[in-house]
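**Student:** Below you'll find the structure I mean.
The values are calculated or read from the model by the stated rules, or taken from the named source; none is laboratory data. If you're wondering where the values come from, they're calculated on a predicted model, not measured in any experiment. Neighbour counts are summed over all protein chains in view; Cβ atoms, including those assigned to glycine, are modelled from backbone coordinates with ideal geometry.
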Amino acid sequence: MALEVTQILLSAQSVDGSVRKHAEESLKQFQEQNLSGFLLSLSGELANDEKPVDSRKLAGLVLKNALDAKEQHRRYELIQRWLSLDVGVKTQIKTCLLQTLLSSVHEARSTASQVIAKVAGIELPQKQWPELIGSLLSNIHQVPVHVKQATLETLGYLCEEVSPDVVEQDHVNKILTAVVQGMNASEASSDVRLAATRALYNALGFAQANFTNDMERDYIMRVVCEATLAKEVKIRQAAFECLVSISSSYYEKLGPYMQDIFNITAKAVKEDEEPVALQAIEFWSSICDEEIDILEEYGGDFTTAVSDIPCFYFIKQALPALVPMLLETLLKQEEDQDLDEGAWNLAMAGGTCLGLVARTVGNDIVPLVMPFIEENITKPDWRQREGATYAFGSILEGPSPNQLVPLVNVALNFMLTALAKDPNNHVKDTTAWTLGRIFEFLHGSTMETPIITPANCQQIITVLLQSMKDAPNVAEKACGALYFLAQGFEDVGPSSPLTPFFQEIVQSLLTVTHREDAGESRLRTAAYETLNEVVRCSTDETVPMVLQLVPIIMMELHKTLEEQKLSSDEREKQNELQGLLCGCLQVIIQKLAASDATKYAFMQYADQIMNLFLRVFACRSATVHEEAMLAIGALAYATGPDFAKYMPDFYKYLEMGLQNFEEYQVCAVTVGVVGDICRALEEKVLPWCDGIMTQLLKDLSSNQLHRSVKPPIFSCFGDISLAIGENFEKYLMYAMPMLQSAAELSSHTSGADDEMIEYTNLLRNGILEAYSGIFQGFKSSPKTQLLIPYAPHILQFLDLIYMEKDMDEVVMKTAIGVLGDLADTLGSNAGSLIQQSLSSKDFLNECLSSDDHLIKESAEWAKLAISRAISV
Amino acid sequence: MAPHDIRRPFKRAAISDQQKRRELSLQRQAQNRTEAQLQARRLASSILSFPNHNSDPQPLESLEPLVEEIVEEPETDAAGDITEIDIRQAARLKGSEARRWFASQLMLPEWMIDVPDRLVEDWYVFARPSGKRCFVVSSNGTTVSRLRNGSQLHRFPSALPNGAKTKESRSAQSYCILDCIFHELDQTYYVIDMVCWAGISFYECTAEFRFFWMNSKLVESGACEAPSNYHRYRFSLIPVYGCDHEGLQTAYTGEVPYVKDGLLFYNKHAHYQTGNTPLVLVWKDETCSQYVIDTDNKGQVPNQQQVVLELQDNGQLVTSDDPPVVLGCLNATFTQETGLHSGNLVRFAVNDGGLTFVDGKLEKADLHYVGKVHRARAFADSYSKIIFQYMVRNSPLRIEHLFASMGTVSEQGSNEVEMVG
């Protein structure tokens, strides 16, 4: 048998496709027929030094894949299968794995260390394999260097796989000791030192206790800093990665080390090889991230989740030295970096960091950057002009408009000239980007002094439209600038400064979408997105032109459907274009449906548009599906009850969308469209409800579906009930228990982190919207009695979430509304229950005195309904 | 363990337009959902607070008497924002605004200008009592009737649920709202529809269901019994017939204890819908009504048909329908000379040119200016009313037409009905 496995594993790597395929089949068969035997022979193969490297390596990989999968559902299955294996078999496999770490063959060791980590990831949380860490640590003292290296690597993988709370502190201490010792400058083998440094990166998450101990922290920091000066590039890079990780995990402990770290990073940025220098800059970007988060919380609401970490203003303190260091990097551009999507170099990292620094410190950065800009912006060397422009663009977010507007007023004209006339593509690209940033942050109805005036508006638009004919990367940035220019006029009122140029802008954007090279630099996407924004910002004066756009975009969509026999590459492009066109139609429909006059004019196209969307669905691609679905939601809202006529053809796609577990965004969007359809069709949706409810209930029961889709599904129950009223009766016995168990889950949040609390509130809101819709739906019915048995639980749920004291305003509004709906629908039947509930007293009073208009309004409704229900 | 990727977004907007599209969609959906819920709640809270204001210190009686009360059907308004007002505010409204609001709470029939399809299968018919159309609301131990203009007609104890302060304690939930016609001669409230009974709303129920419920509940409550201390006015049910040959004949010629004012036709599947609806129709001729042709203020039938239209900004003259139907236009000089403003209700006489129809649609009207309308009036005439009145004077839709239409339907078994118009 063993020999056979070797041969199969080698055949599975054969260049001959049919041999390979046959071998893969055999492996699969073996696995299905006898899992224990299969895993045993794989581990035996991996451990056997007599076997060829290739078969050992593949044996390890197949073994690893039998323990883990990307897809959550599948992973859970694999874990259960491993746990149910015979203990003896598992022990034998684990022995083989540990034994492989001693092998002299590097690939075998390396593969084994990954497999060990996977097994540990399954077994340690179950309190199994308690001797693992001890036996690994005993390896550290083995003489052969390669064993030490493999063991450190294993510890690194293990820390990546396993959550810190399943490893006891004593073991953590021993792991960290071994790892940090391996990193020490006194370690003779650079392989060992590199493995140790990389292991530390993963082990940092285990070091909470150790970082609170001054002596241990000092030791770790010293070793890491020393490693940034190691002879080998890879060790230096790995050491900086550790620093980056420390900067976010242990920000509050960094104070004593900042001076040293600044020196180390400055040296690396100036002199070291790019991969190292990039990590050094990343350290400062990461500190900016931390301080921006902390300062945002300062500025925000103190009553909710105040961070216990104070801001130490490291960036502000380092500013005088940090800014010049970053400005220097701006001049190290690569020739064609704007044309290479994957590019990431010193100038890009430095500029990005400069932008983060500006957001962190605000006004203070301006005087430090302006001299650099003034000195370089007119220089003959394009690098200097581009660097200066990039610096200017980078500091536009952060400092106050008071500081920036006078500078922008001076610079604007220069920028427009540069965009039109500078000979260098790179300079024009950055100039257009900078104009976009100017419009994004300094233009809009909230600004005190407008930077766009009747005097310069025409020139700005002329230059931008002209640049849309430039090279694709420049044209794309010009589209982006136009996007923000339009956005700034969004709430300008009935008459927009863009009105005189509206037709020309739309025409130019359409022309861009037809450029031969519009596929480069994301140009076509940018042009359609800008068109969308221009449509969103159209006013009464320009909306007739939006109406004219409808047949044009429809024609474009029609053209994509006529193309036949496409290669897979062409098909992908077609799908992308359909996505853009459906997105554009969605924006147009939503705009035109917002006012009655334009809605009626638009309705003449409804049949044809729906027909196009159905044909797009027939092409079946995830992103198109989603965009067309979003557009159909907008169409349902616009057409109202008439949408019923599309349902027979549309329903199957609606069902497909609801079944799309993998692309959960598609599923979520479809759930939203069900809501739109319910509101549009009202009781006419009834014939489709059995199918829809079945899908929604299946979705809720699935553990494959992304959790973010579940709250909207609950809300959707409410939409359906509100639409079909007492006909919801037959779904009560399914929907109510689901709501009830979700409610129980979401009523206790103790110990949850911010993200979990946010999700819990979304879930609560969905559940409560369902209850509201169901109560309101039954209100007109003599069948309200059916809801009485559910009332105690619902009231209890309201009391519980009130007592948890962590609901947000949205949940508060919905919750108090549910109380009103319950009282209104059940009336005296629930009178005494309501009177006993905390919600009808403290919670109601709290909501009645809320500053939030919406909460107050719902509370007043609840008060009225309750007073009716309980007064006898 | 390879080095970790540290690339950050470069020269990119923080949010993608696709994400923005998703978010705007979600916003719109959330907004629509909130509106749907608010609408449901507003309906309920107006019902709930209705009785709370029957002791309103500023009764709207000053508007009475309404000369056109009996002769003219109330017409709905198309002014959306006024219908949005909560009844608590409505109690403070005066004059035409109050009338608009209360009128908008009642379901108002259109005039029958042609015979609907499936009359036999889908429709009820009954003889409409002549009298004052009103809402009767019982709650908190008292009963209040309000005319369609919001003014209080009577305040009295009744045997309706919670309609009188009796010893038996009633649940506060037990309020009820009835759609009635008060018949002066026998001082009886004839119940033509039920909006709410014992706290259960019937807005979203079909006419079939409402009538069934109304018949069983009203008798049970004792409200149909003779007046007593705790029950000042008698309530009475009206016999409702399926609209077959026999039913129509009975409603048309049968004896009733009240003075008839035409026939009402209810579509069996129609919900109680506030405002004008084509699913309830009124029809009359001289046999079943004293008021077939509109009378003027003095009760005389004018020589020429008169219509009331609303003047728009652009000089157009429109009906009260939603959307409004344009019947003519005034030029600016004329408007100026007569001192008319946009929004004024203007009375016209229909000249010899009459109304001209093209493809069954009214195309133009030969109108002659009479004058402004009394200020208490809130609405222009509806399209169906104008056509009905015109037909009455020229080629009326006769009872024979109604019978004939059901004949053809039942014999041929098809949905085709010969149009009479």
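**Student:** Among the helices (runs of 4 or more DSSP H) confined wholly to the stretch A:387-486, which include 3 or more residues that are within 21 Å of residue A:356 (Cβ to Cβ) and over 34 Å from the mean Cα position of the chain (by Cα)?
**Tutor:** Correct list: empty, since no element meets the threshold.
**Student:** While we're here: When you scan the stretch A:215-235, do you find a residue that is within 21 Å of residue A:294 (Cβ to Cβ) and part of a helix (DSSP H, G or I), even just one?
**Tutor:** yes
**Student:** Which of (1) under 17 Å from residue B:179 (Cα atoms); (2) surrounded by 14 or more Cβ atoms within 10 Å (Cβ to Cβ) does residue B:219 not meet, given it meets every other one?
**Tutor:** Just one mismatch for residue B:219, condition (2).
**Student:** Of the numbered conditions (1) under 31 Å from the mean Cα position of the chain (by Cα); (2) assigned to a helix (DSSP H, G or I); (3) in contact (Cβ under 8 Å) with a residue 12 or more places away in the chain, residue A:728 satisfies every one except a single condition; which is it?
**Tutor:** (1)
**Student:** Continuing with this model, one more query. Does residue B:236 qualify as being over 30 Å from residue A:724 (Cα atoms), surrounded by 17 or more Cβ atoms within 10 Å (Cβ to Cβ) and of a type outside the set (Phe, Trp, Tyr)?
**Tutor:** Yes; evaluated as a whole, the condition is true for this residue.
**Student:** Another question about this same structure. Which fully enclosed helices (runs of 4 or more DSSP H) of the stretch B:83-169 have 2 or more residues being modelled with pLDDT of 85 or more and within 18 Å of residue B:211 (Cα to Cα)?
**Tutor:** B:119-122
Here is a yes/no grid of residues against (1) aromatic (Phe, Trp, Tyr); (2) closer than 24 Å to residue A:510 by Cβ:
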| position | (1), (2) |
| --- | --- |
| A:569 | no, no |
| A:596 | no, no |
| A:600 | yes, no |
| A:606 | no, yes |
| A:614 | no, no |
| A:646 | yes, no |
| A:664 | yes, no |
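**Student:** Could you tell me whether any residue of the stretch A:839-860 is over 24 Å from residue A:735 (Cβ atoms), within 13 Å of chain B (Cβ to nearest Cβ), buried (at least 24 other Cβ atoms within 10 Å of the Cβ) and of a type outside the set (S, T, N, Q)?
**Tutor:** yes
**Student:** Moving to a separate point now. Which is surrounded by fewer than 22 Cβ atoms within 10 Å (Cβ to Cβ) and either at pLDDT 90 or above or polar (S, T, N, Q) (or both), of A:614, A:658, A:681, A:630?
**Tutor:** The match here is A:614.
Every residue, every condition in (1) touching a Lys or Arg at 6+ places or on another chain (Cβ under 6 Å); (2) in contact (Cβ under 8 Å) with a residue 40 or more places away in the chain; (3) within 13 Å of another protein chain (Cβ to nearest Cβ); (4) part of a helix (DSSP H, G or I), yes or no:
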site	(1), (2), (3), (4)
A:257	no, no, no, yes
A:270	no, yes, no, yes
A:275	no, yes, yes, yes
A:287	no, yes, no, yes
A:291	no, yes, no, yes
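**Student:** Among what's in the stretch A:809-830 and is surrounded by fewer than 21 Cβ atoms within 10 Å (Cβ to Cβ) and at pLDDT below 90, pick the residue that is nearest to the other protein chains (Cβ to nearest Cβ).
**Tutor:** Selected residue: A:828.
**Student:** Please work out which residue is nearest to residue A:640 (Cα to Cα), limiting yourself to the stretch A:677-713 and to residues that are within 32 Å of the chain's Cα centre (by Cα) and within 12 Å of chain B (Cβ to nearest Cβ).
**Tutor:** Ranking the candidates gives A:680 first.
**Student:** If we keep just the residues of the stretch B:179-210 that are at pLDDT 90 or above and touching a helix residue (DSSP H, G or I) at 6+ places or on another chain (Cβ under 8 Å), which is farthest from residue B:132 (Cα to Cα)?
**Tutor:** Among them, the one singled out is B:193.
**Student:** Which residues, taken from the stretch A:432-471, are over 22 Å from residue A:528 (Cβ atoms) and among the acidic types (Asp, Glu)?
**Tutor:** Residue satisfying the conditions is A:448 alone.
**Student:** Among the residues of the stretch A:753-793, which ones are of a type in the set (Lys, Arg) and either at pLDDT 95 or above or more than 14 Å from residue A:824 (Cβ to Cβ) (or both)?
**Tutor:** Residues satisfying the conditions are A:764, A:783.
**Student:** Suppose we filter A:328, A:335 for residues that are charged (D, E, K, R) and more than 27 Å from residue A:472 (Cβ to Cβ); which single one remains?
**Tutor:** Going through A:328, A:335 in turn, just one is charged (D, E, K, R) and more than 27 Å from residue A:472 (Cβ to Cβ): A:328.
**Student:** Report those strands (runs of 3 or more DSSP E) wholly inside the stretch B:257-340 carrying at least 3 residues which are over 21 Å from the mean Cα position of the chain (by Cα) and under 19 Å from residue B:115 (Cβ atoms).
**Tutor:** none
**Student:** Against the conditions (1) surrounded by 16 or more Cβ atoms within 10 Å (Cβ to Cβ); (2) under 20 Å from residue A:505 (Cα atoms); (3) away from chain B (no Cβ under 14 Å); (4) not aliphatic (A, V, I, L, M), where does residue A:437 fall short? Just the number, please.
**Tutor:** Condition (3) is where residue A:437 drops out.
**Student:** Also, I was wondering about something else. Could you look through the stretch A:184-212, keep only residues that are hydrophobic (A, V, I, L, M, F, W, C) and touching a Lys or Arg at 6+ places or on another chain (Cβ under 6 Å), and pick out the one that is farthest from the other protein chains (Cβ to nearest Cβ)?
**Tutor:** Filtering the stretch A:184-212 for residues that are hydrophobic (A, V, I, L, M, F, W, C) and touching a Lys or Arg at 6+ places or on another chain (Cβ under 6 Å), the one farthest from the other protein chains (Cβ to nearest Cβ) comes out as A:211.
**Student:** Taking the stated definitions as given, is residue A:114 under 36 Å from the mean Cα position of the chain (by Cα), more than 24 Å from residue A:49 (Cβ to Cβ) and not aliphatic (A, V, I, L, M)?
**Tutor:** no
**Student:** Output the residue which, of all residues in the stretch A:473-500 that are of a type outside the set (Gly, Ala, Ser) and surrounded by fewer than 21 Cβ atoms within 10 Å (Cβ to Cβ), is modelled with the lowest pLDDT.
**Tutor:** That would be A:494.
**Student:** Determine which single condition residue A:6 fails, assuming it passes every other condition in (1) over 23 Å from residue A:85 (Cα atoms); (2) part of a helix (DSSP H, G or I); (3) free of Cβ contacts under 8 Å to residues at least 12 places away in the same chain.
**Tutor:** Of everything listed in (1) over 23 Å from residue A:85 (Cα atoms); (2) part of a helix (DSSP H, G or I); (3) free of Cβ contacts under 8 Å to residues at least 12 places away in the same chain, residue A:6 misses just condition (3).
**Student:** When you scan the stretch A:774-872 for helices (runs of 4 or more DSSP H) that lie fully inside it, which ones turn up with 2 or more residues that are over 19 Å from residue B:41 (Cβ atoms) and touching a residue at least 24 places away in the same chain (Cβ under 8 Å)?
**Tutor:** The qualifying helices (runs of 4 or more DSSP H) are A:791-804, A:831-836.
**Student:** Pull out all pairs, ordered by first then second residue, where Cβ-Cβ is under 6 Å, the residues are six or more apart or on different chains, the first lies in the stretch A:741-758 and is surrounded by 13 or more Cβ atoms within 10 Å (Cβ to Cβ), and the second is assigned to a helix (DSSP H, G or I) and charged (D, E, K, R).
**Tutor:** Between residues of the stretch A:741-758 that are surrounded by 13 or more Cβ atoms within 10 Å (Cβ to Cβ) and residues that are assigned to a helix (DSSP H, G or I) and charged (D, E, K, R), the close pairs are A:746/A:764; A:749/A:804.
**Student:** On the basis of being within 20 Å of residue A:640 (Cβ to Cβ), more than 14 Å from every other protein chain (Cβ to nearest Cβ) and in a helix (DSSP H, G or I), does residue A:617 make the cut?
**Tutor:** It is false that residue A:617 is within 20 Å of residue A:640 (Cβ to Cβ), more than 14 Å from every other protein chain (Cβ to nearest Cβ) and in a helix (DSSP H, G or I).
**Student:** Further, regarding this structure: Select from the stretch A:454-472 the residues that are touching a Ser or Thr at 6+ places or on another chain (Cβ under 6 Å) and more than 19 Å from residue A:496 (Cα to Cα) and write down the one among them that is modelled with the highest pLDDT.
**Tutor:** Out of the qualifying residues, it is A:468.
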